[in-house]
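Derivation of every value follows stated rules applied to the coordinates shown; laboratory data play no part. Fair warning: this is a prediction, and the values are worked out from it, not measured in the lab. FYI the Cβ positions are ideal-geometry reconstructions off the backbone, even for glycines, and counts take in every protein chain you see.
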Amino acid sequence: MDFGELYNINDVLVSVDNNDDYEVTWSLDSVSWSNLFTINRSDGEITWGMDTFSTDTLHNEYIAAIDFSTVQARYLRIKVTGGDFGLSIGEFQAFGSKLTTSVPEPSSLAIFALGFIGLIIRSVKKRS
Ligand SMILES: [Ca+2]
Ligand SMILES: [Ca+2]
């Protein structure tokens, strides 16, 4: 998944076939990847079919074994690392917030500075 820009990724909900192992990795540049969490086939609570996993402590599918600390990432990737290779991913949701990198434009900075100077002048006049 390419989110197009950087996000703080807080939580993930994923639904996968219960008898395979999956690794979810994250990246800033799609070149170097780091482990976010690994789902082992023993992690779920069902015996056959699709199992849903969440890293949100408030979710009823929460699994502490896959919980992770917030990462800043643009890309997430899920891949299979073991199992019977009869594979299925039913759902993948990522939760987070966009990193705000907005820088004030020079013109609005100038307006802000003028307004600030105006306030100083007014307060000086009041005193005198
Ligand atoms: Ca589950
Ligand atoms: Ca399978």
* Cα→Cβ-extended label distance, 7 Å offset, between D67 and F92, nm -> 2.4
* Asked: So which GluC sites (Glu not before Pro) in segment 1-88 are both in a DSSP loop and have at most 11 other Cβ atoms within 10 Å of their Cβ?
  -> E45
* DSSP-defined antiparallel bridges as percent of all bridges, segment 1-82, nearest 5 -> 95
* To do: Report the extension gain between D84 and M50 in nm, rounded to one decimal, defined as 0.36 nm multiplied by the number of residues separating them, less their alpha carbon distance.
  => 10.9 nm
